[in-house]
Every structure is written in C-alpha cells, then in structure tokens.
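S.K.: The following block contains the structure, expressed as structure tokens.
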Amino acid sequence: MTRPSSSTRLPPRRHHTETHRSDRVGWLRAAVLGANDGIVSVAGLVVGVAASGASPATILASGIAGTVAGAMSMAAGEYVSVRSQADTERADIAVERRELREDPDNELAELAHIYVQRGLTPELAQEVARQLTAHDALGSHARDELGITETLRARPVQAALASALAFVAGAALPIAAVLAAPAGRLEAVAIPTTLVALSISGGLAAWAGGAPVLRGAARVAFWGALAMAAASLVGRLFDVSV
C-alpha cells in the first residue's frame with residue numbers, strides 16, 4: 001500500500017469548537033422578561049399617570065415606586081417559579097436514586113430501552129446502558145430518562161437576580177424620560193423613546209437566542225405600543241389634575 005507523500009498529506013485538524021446558546025436559557029429568559037417588563041410596565045405607568053394630568057413630581061414618584069415594586073415582584077415571581085421547578089427536579093432525582101438502589105437490573109433495562117427508541121440496536125443499546133451505568137448511573141437516568149442536564153438545570157437565585165436587575169435597567173429609560181421631558185410633553189418623549197428601547201431590547205434578545213433580530217424587535221415593540229396606548233387611555237378617562 002502506497003502512503004501519500006508529505007506534500008499531499010492533509011494538515012492536522014484544528015481543534016473544533018462550537019458555540020451553543022442553550023447554556024444561556026436560564027438567565028436569558030429571566031433577563032429578557034425582566035427588561036421588557038421594566039420598560040413596558042414603568043413606561044405605561046408614567047404615560048398613564050401623565051395622561052391623567054398629574055404633576056411631574058407625582059409622575060416621577062409613581063415611576064420610581066413602580067420600579068421598586070416591579071423589581072421585587074419579578075425577583076419573587078422568578079424565584080418561586082424556578083424554585084418549584086428545582087424542587088420537582090430534586091424529587092425526581094430522589095426517586096431515580098431509590099430505584100437504582102432497589103432495582104438496578106430493571107433500571108438498566110429501562111435505560112437500554114430508551115436508547116433502542118432513539119435508534120440503537122438492542123445489543124448496542126444494552127452495552128451503552130451498561131457502560132454509562134458503570135460510569136454514572138444517576139446522571140445517565142437524570143439526563144436520558146428525565147431530561148435533566150446541568151446546563152438546563154433550574155437555578156432560582158440566578159433567575160431572580162437576572163430578572164430584578166434587568167427590570168431596573170429597563171425601567172431606567174422611562175424614568176429618564178420623566179426627568180428629561182419638558183413640562184406637558186412627557187407622552188411625546190416617553191412613547192417613541194420607549195418603542196425604540198423595546199425594539200433594541202427585543203432585537204438583542206433575539207440575537208442572543210439565535211432568533212431573527214427584526215422579528216424579535218417588531219414583536220416586542222408591538223406589545224409595548226399596545227400597553228402604552230391602553231395606559232394612556234385609562235389615564236385620560238380619569239383626567240384628574242394633581
């Protein structure tokens with residue numbers, strides 16, 4: 001057999017690296033929700049209060065109060081929600097740990113059956129299940145039977161902090177609009193500024209998640225415009241100067 005000459009040999013393959021986004025899911029979802037909620041809810045609040053004829057000081061106080069309450073609410077909501085998910089994951093893993101201790105043969109067969117359903121031959125599935133069980137039985141069942149991985153595992157504190165901080169960051173824009181807008185011109189300044197911010201926020205979130213940027217921006221801006229229009233209508237219905 002003739003070996004290829006040194007001039008025709010392929011160069012050694014470089015280290016192959018891939019960039020995935022699934023490890024961002026936990027904090028990204030909470031951060032996007034918090035930022036968009038901060039922009040929309042506080043902008044809607046200040047626009048609605050301004051439409052009622054309230055004074056600039058009242059509008060500013062309402063916006064700050066809404067920011068504090070909203071950030072705390074987002075943090076609490078995310079923590080409780082993700083904590084519930086984490087508790088469920090922990091309970092499921094405890095069940096698997098007990099079953100592995102009490103009935104290891106049946107658990108091995110169950111794992112092999114999962115691999116058969118994914119396309120392996122029964123012989124290969126049995127060997128894969130045997131080797132993975134020897135390496136990390138609980139981790140294999142958590143991943144392949146329950147769908148629980150370290151990358152996507154629930155992290156309540158991370159989600160709560162990401163949501164609260166992002167809410168404050170999003171709410172800072174309508175608060176800045178209150179401070180910068182001339183008297184009686186808050187709506188004219190806050191609404192377009194908020195829509196631009198929502199477009200940027202939606203676009204960045206879509207980019208970070210690997211989705212179409214323009215579609216993400218348009219989707220968030222649409223719902224933000226709808227929220228501010230509803231808030232402004234409510235404020236005008238009351239029309240009470242303070």
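S.K.: Quick check on this structure: which one of G170, G184, G119, G147 is surrounded by 13 or more Cβ atoms within 10 Å (Cβ to Cβ) and of a type outside the set (D, E, K, R)? If you could, list the steps in order and put the result at the bottom.
M.R.: Details: G184 fails: surrounded by 13 or more Cβ atoms within 10 Å (Cβ to Cβ); G119 fails: surrounded by 13 or more Cβ atoms within 10 Å (Cβ to Cβ); G147 fails: surrounded by 13 or more Cβ atoms within 10 Å (Cβ to Cβ).
Answer to the selection: G170.
This table checks each residue for (1) among the β-branched types (V, I, T); (2) modelled with pLDDT under 85; (3) farther than 27 Å from L33 by Cβ.
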| residue | (1), (2), (3) |
| --- | --- |
| A129 | no, no, yes |
| A134 | no, no, yes |
| L138 | no, no, yes |
| L146 | no, yes, no |
| T149 | yes, yes, no |
| L152 | no, yes, no |
| A162 | no, no, no |
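S.K.: A further question on this structure: Quick check, is S201 at pLDDT below 80, under 24 Å from T58 (Cβ atoms) and surrounded by 13 or more Cβ atoms within 10 Å (Cβ to Cβ)?
M.R.: no
S.K.: Might you check whether a residue that is open to solvent by less than 70 Å² (accessible area, probe 1.4 Å), in a helix (DSSP H, G or I) and at pLDDT below 85 occurs anywhere in region 59-75?
M.R.: no
S.K.: Additional query: Condition first: open to solvent by 80 Å² or more (accessible area, probe 1.4 Å) and at pLDDT 80 or above. Now tell me which residues in region 219-242 satisfy that.
M.R.: Scanning region 219-242 gives R219, F222, W223, L226, L233.
S.K.: Now for a different question. Can you tell me which residues in region 92-120 are under 14 Å from L132 (Cα atoms) and among the aliphatic types (A, V, I, L, M)?
M.R.: Result: L100, L108, A109, L111, A112, I114.
S.K.: For residues in region 150-161 being open to solvent by less than 20 Å² (accessible area, probe 1.4 Å) and in a helix (DSSP H, G or I), which is nearest to R98 (Cα to Cα)?
M.R.: Once the filter is applied, the top-ranked residue is P156.
S.K.: Still on this structure, I have one more. Scan region 122-135 residue by residue and report those that are open to solvent by 80 Å² or more (accessible area, probe 1.4 Å) and over 17 Å from N106 (Cβ atoms).
M.R.: E123, L124, Q131, H135
S.K.: Now a separate question. Among the residues in region 211-231, are any among the aromatic types (F, W, Y), over 16 Å from the mean Cα position of the chain (by Cα), within 14 Å of L33 (Cα to Cα) and part of a helix (DSSP H, G or I)?
M.R.: Here is the first cut: in region 211-231, the ones among the aromatic types (F, W, Y) are 222-223.
When the remaining residues are screened for being over 16 Å from the mean Cα position of the chain (by Cα), the result is 222-223.
From the residues that got through so far, the ones that are within 14 Å of L33 (Cα to Cα) too are 223.
Subset that is part of a helix (DSSP H, G or I): 223.
Checked against the condition, which is being among the aromatic types (F, W, Y), over 16 Å from the mean Cα position of the chain (by Cα), within 14 Å of L33 (Cα to Cα) and part of a helix (DSSP H, G or I), region 211-231 yields at least one hit.
S.K.: Check off (1) assigned to a helix (DSSP H, G or I); (2) at pLDDT below 90; (3) farther than 17 Å from G34 by Cβ for D105 and give me the number that stays unchecked.
M.R.: Only one criterion in (1) assigned to a helix (DSSP H, G or I); (2) at pLDDT below 90; (3) farther than 17 Å from G34 by Cβ is unmet by D105, namely (2).
S.K.: Here is a follow-up. Being in a helix (DSSP H, G or I) and not hydrophobic (A, V, I, L, M, F, W, C) is the filter here; which residues of region 182-210 pass it?
M.R.: Answer for region 182-210, where residues must be in a helix (DSSP H, G or I) and not hydrophobic (A, V, I, L, M, F, W, C): E187, P192, T193, T194, S199, S201, G202, G203, G209.
The values are calculated or read from the model by the stated rules, or taken from the named source; none is laboratory data. Given the structure is predicted, the values throughout are model-derived calculations rather than measurements. All Cβ positions, glycine included, derive from the backbone under ideal geometry; neighbour counts span all protein chains shown. Ligands, DNA and RNA are excluded from the accessible area calculation, which covers all protein heavy atoms including side chains. Shrake-Rupley method; radii C 1.70, N 1.55, O 1.52, S 1.80 Å.
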